[in-house]
Amino acid sequence: MAAPPAVLALAAAGIWSLPSAARAAAPVQAQASGEVVRVNAPAGKIAIRHGAIDKLDLPAMTLVYQVDPALLAGIAAGDRVEFTAERAGGRYRIVELKKR
């Protein structure tokens, strides 16, 4: 259940803490780098092997991320990349991506 608009406004103003369920639903972003393992541009997916991303509670691993296919132009398996990943609603996606 989402927090009522009044609670969200108070939380944004720093007057009220959001309930834990509302905080958990808020997107979290972090920057990282890694090596591209696979690219599936038509499906908007990329697999990246990366180190731990503490802010997203991810250990070192290879993970398949959702990504806007437009960000995949010129990206291929074996490329070293820097990216901004986001966790929202239990899903991970890349919002920024560039070759190193």
Query - Protein-only accessible surface order, largest first, of 92, 65 at 1.4 Å - result: 92, 65
Report task. Could you tally the net charge around residue 36, taking each other residue with its Cβ under 10 Å from the Cβ of residue 36, Lys/Arg +1 and Asp/Glu -1? Result -> +2
**Report entry** Distance-filtered residues of the range 71-98 - backbone nitrogen under 14 Å, label point 7 angstrom along residue 37 Cα→Cβ
**Finding:** 77-79
Report summary line: Which residues qualify? For residue 79, with a placed amide H closer than 5 Å and at least 5 residues away or on another chain, they are 36
Query raised in the report: What distance in nm separates the simple spin-label points at residue 88 and residue 30, each placed 7 Å from Cα in the Cβ direction?
Result: 1.8 nm
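The values are calculated or read from the model by the stated rules, or taken from the named source; none is laboratory data. Computed from a prediction, not measured in an experiment: that's the story for all the values here. Positions of Cβ are generated from backbone atoms using ideal geometry, with glycine treated the same way; all protein chains shown enter the neighbour counts. Heavy atoms of the whole protein, side chains included, go into the accessibility calculation; ligands, DNA and RNA do not. Shrake-Rupley method; radii C 1.70, N 1.55, O 1.52, S 1.80 Å.
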